[in-house]
Amino acid sequence: MEFIDLPPLQKAAGSVRLPGSKSISNRVLLLAALAEGETLVEDLLDSDDTRVMRGAIVALGVKTMEEGKALRVFGCGGRFPKLKADIFVGNSGLSIRTLVPAIVTSLSGCADVDAEVRLSGVPRMHERPIGDLVDGLKQLGACVEWLGQEGYPPLALKPALLGAERVSVRGNVSSQFLTGLLQAAPLVARDKPLTIDVEGELISRPYVEITLNLMERFGVIVQREGWNRFVVPAAQRYVSPGRIAVEGDASTASYFLAAGALGGGPVRVVGAGRKSIQGDVKFADALATMGAEITWGDDWIEARAPTSGKLKAFDLDLNHIPDAAMTLAVAALFADGPSTLRNIGSWRVKETDRIAAMATELRKLGATVEEFPESITVTPPAGLNPAVIDTYEDHRVAMCFSLATLGGPYVRINDPRCVNKTFPEYFTTFAGIATPVPVVAIDGPSASGKGTVGALVARILGFEHLDSGALYRIVALAALRKGVALDDETSLASIAAALPARFEDGLVLLDGDDVTEAIRSEACSVGASRVAVLPAVRDALFWRQRSYRTGSGLVAEGRDMGSVIFPDAGVKIFLTASVEARAERRYKQLIDKGMAAKMDDLLKDLYERDARDSQRAVAPLKRGDDAVLLDTSGITVQQAVDFVIERASSLRN
Ligand SMILES: Nc1ncnc2c1ncn2[C@@H]1O[C@H](COP(=O)(O)OP(=O)(O)O)[C@@H](O)[C@H]1O
Ligand SMILES: Nc1ccn([C@H]2C[C@H](O)[C@@H](COP(=O)(O)OP(=O)(O)O)O2)c(=O)n1
């Protein structure tokens, strides 16, 4: 499984230009395709879902042409030219739910009896309901055949004359059904007006407002009576506005605004603001109820943390911002008590069952989550656990969980490419406003001076210090004490996974015993280098080593700090010295401690350990291309420390 590891963050601040709105891009593409005249669409989002819509209109015979970053769409004047097509809609709910009604109107009165348009998607799309929309179209006279399970894609559309003046559609499953009918309505209401009645409470109303707004931009007026009846007067045609610029995506803005609120800020999103037609800009109001400071401009919004530093718990009806609400579920981890997200039942029929998915993943971080049919309550833990987040092919799950890193833990996001649905550049853009907890990684062979230099550098910088070699030594000591063989990989990995060890006031404690001296014994040195070749032992210590990355920063020393454990370390040093210099240092260390030592034995031992450390299959000791070489053979400790501090000075906040 592909994954991306996101490091713990200290803060988030900066400015982000939002990618184009998915909701607007896909509506504009279809309206421009159906309109009379050419439309130049600017700032169009380029993502999986918009490619689906672009592919679909082209398959239906509409011509498009790229002009720099814009797309020119040659409108077909209301009837798609090509009505024999097989269209793949991926997992784009908006695409299929708006294409089907539009295609059905083109098939009305189509003379070609062989005309047929088939639509299918990914397996999840075939579980997403469309029956209510099709029922509405059948009331108009449409011919729709189910190709799989009744009520779900795939389906086939065939020629049939449309004619009714009234149609009703359910509004409480997905507002996309209404959007689909509305966008197709002027193509049906040629001679007589068409009335659309909404059964049940209409959810996600702001998305319908986007639809009405854009239809108006293309010259079609809809009369609205409350939110239950929409009348489309007769004889209206879609006419191109010439050019249209797509606003920045307000749902995407939610991740960056939340980052500003949770990570200090300010974070400014540019492309959607006070004048936006997207309901999701109201996410900023929800953040404000948590205490975040929000500033509005016409086309930008800025968020920063409350001056008190603490975000308040909330209990909110989020029916109007279902997509951005997922971001609030993660923000709830940072609140001062349990928060409830209400009226979000539509989450159940999205890319995945989002209520179940969010609950499962929030629990991995340590939260207590209560799930209800249409709401969830999130109680934050005292501190967030590092977690491996599954994403269920849902771009929003992937994006919103990146925010948990502002609470201190590492977060691994599985299948991160699912963000391609709406924002392929998400993780790079997020990294652009994020300040990770800095790391100085010092790797090198035995007795090169890593421990000595690392401890001094950590003290000067005020950073934590990780002596990773000590962890391997403790595993060896624990194994020796339990009589576990040093090649019994499974037993050693269980020891490493549950190592009852602590570092406190310069002492190393194992099961509460002071083992500071014991782990430096010859037996432990040899034992450590033997257990360190075992992949299962290294895996078992992986997250433990990462957990030291906290506070103002970390100096980590060992063999694979820069290559495996902290590949994104801001400073990587490869510390070395000649074998002779290192043997002499060890000799001196042992003599000073009153222990017996022989130069020849020490040299032999160093050669052997160097060979074992650098020749093992997993995480071998070797200087990475990105590590700075520092040979300490002829320099003092102070000179070595100065060298590292000079390179690390930029990391200090
Ligand atoms: N230039 C130098 N840089 C680092 N250590 C040095 C240097 N010169 C002498 N030493 C001594 O060498 C020894 C290095 O041991 P240590 O720090 O335990 O190495 P390591 O952690 O790499 O095994 C220490 O006793 C240290 O005082
Ligand atoms: N990140 C690390 C740290 C140490 N090791 C191995 C390498 C060594 O043989 C042992 C002990 O490491 P330590 O740094 O304490 O050893 P030295 O004192 O430098 O000889 O663990 C490792 O494989 N990966």
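In the chain, the alpha-carbon atoms span a convex hull of 170 Å³ per residue. Using only alpha-carbon positions in the range 468-537, the gyration tensor eigenvalues give semi-axes of 18, 12, 10 Å once each is multiplied by 5 and square-rooted (largest first). With each label modelled as a point 7 angstrom along the Cα→C-beta vector, the residue 371-residue 578 pair spans 6.6 nm.
Under 17 Å from a label point set 7 Å out along the Cα-to-Cβ vector of residue 38, the amide N atoms of the range 227-253 belong to 239-245. Think of a 1.4 Å ball rolled over the protein heavy atoms: the range 560-653 then has 57 Å² of accessible area per residue.
Give me the percent of accessible area attributable to carbon and sulfur for the range 72-146, probe 1.4 angstrom. Carbon and sulfur together cover 49 percent of it. Each label was represented as a point 7 Å from its Cα along the Cα-to-Cβ direction; for residue 110 and residue 227 these points are 3.5 nm apart. Within the shell of other residues whose beta carbon sits under 9 angstrom from the beta carbon of residue 3, the net charge comes to -2, with Lys and Arg scored +1 and Asp and Glu -1. For the range 22-245, a/c is less than 1.5, where a ≥ b ≥ c are the root eigenvalues of the C-alpha gyration tensor. That puts it in the rounded class. Note on residue 649 and residue 51: with the Förster distance fixed at 60 Å, the Cβ-Cβ geometry gives a FRET efficiency of about 0.85.
Take the range 487-550 with all the other protein chains still there, run a 1.4 Å probe, and you get 47 Å² of accessible area per residue. Other residues lying with their Cβ under 11 Å from the Cβ of residue 23 contribute a combined charge of -4, Lys and Arg counting +1, Asp and Glu -1.
For the range 206-291, the carbon plus sulfur part of the accessible surface works out to 47%, probe radius 1.4 Å.
Exposed loop GluC sites (Glu not before Pro) only (DSSP loop, at most 11 other Cβ atoms within 10 Å): please give the longest stretch of the chain free of them, not including the sites. Longest gap between qualifying sites, sites excluded: 151-516. For the range 468-537, carbon and sulfur atoms together expose 53% of the accessible surface, with a 1.4 angstrom probe and every protein chain in place.
Across the cross-link table entries 450/588; 282/312; 421/572; 364/482; 11/364, which are compared at the Cα atoms, the separations over 28 Å belong to 421/572; 364/482. Among the trypsin sites (Lys or Arg not before Pro) in the range 1-110, those located in a DSSP loop and surrounded by at most 12 other Cβ atoms within 10 Å of their own Cβ are 69. Between residue 631 and residue 543, the modelled labels are 4.2 nm apart [label points 7 Å from Cα along Cα→Cβ]. 3J(HN,Hα) couplings calculated from phi for the range 253-268 with the Karplus curve 6.51 cos²θ - 1.76 cosθ + 1.60 (θ = phi - 60°) are, in sequence order, 4, 4, 5, 6, 5, 4, 4, x, 6, 8, x, x, x, x, 10, 10 Hz; Gly and Pro show x.
Quick check for you: with a 1.4 Å probe and neighbouring chains kept, what is the accessible area per residue of the range 22-245, in Å²?
38 Å²
The values are calculated or read from the model by the stated rules, or taken from the named source; none is laboratory data. Everything quoted here is computed from the prediction, not taken from an experiment. No Cβ is skipped: glycine too gets one built from the backbone with ideal geometry, and neighbour counts run over all protein chains shown. We work out accessible area using only protein heavy atoms, side chains counted, and drop any ligands, DNA or RNA first. Shrake-Rupley method; radii C 1.70, N 1.55, O 1.52, S 1.80 Å.
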